[in-house]
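Report on the structure given below.
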Amino acid sequence: MALRNIVKDGDPILRKKCREVTEFNERLNVLLDDMRETLVLANGAGLAAPQVGVLKRVAIVSVDDAFYELINPEIIETEGEEISPEGCLSLPGICGTVNRPYKVTVRAQDRFGKTFIARGEGLLARAFCHEIDHLDGILFEDKIIDYYEEA
Ligand code: CO
């Protein structure tokens, strides 16, 4: 495994739409393992492939004890909404509240190409939405309702 550099705001790669993953191979495994190591060190809740310079529909989410690898993820159902603070490893120093669904259902593939369903609420739902937005070049700052200073 290896650490990858996290791309910061202003880099045009963060604004591109990512390509669907069609090959579930060793290269994908290495990417996922590297992203996990990078996320753990950065102490974040999630990381999307474009944040490490790879324009593929791959994201990982780590909230409490839950860890997900999401390949070609899609939000297929949402319920409720919640305005809550958010941040992003690519936008250091920026904090703000964003309105997200309170519950989401995600359909994705795992690293072997097998389709699965993941459900989350609260912070986990927020992380799913935030990371999937990255795959379409959307940053949370686009959706900030109120900026605030980090304590
Ligand atoms: Co982010």
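The values are calculated or read from the model by the stated rules, or taken from the named source; none is laboratory data. Predicted model only: the values in this text are computed from it and were never measured. Neighbour counts run over all protein chains shown; Cβ positions are idealised from the backbone, glycine included.
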Within the range 32-62, tally of residues that are closer than 11 Å to residue 6 by Cβ, among the hydrophobic types (A, V, I, L, M, F, W, C) and more than 12 Å from the ligand (Cβ to nearest atom): 2
Strands (runs of 3 or more DSSP E) (entirely within the range 38-151) containing at least 1 residues that are acidic (Asp, Glu) and more than 21 Å from residue 18 (Cα to Cα): 66-79, 82-86, 115-121, 144-147
The lone exception for residue 128 - which of (1) under 13 Å from the mean Cα position of the chain (by Cα); (2) at pLDDT below 95 it fails: (2)
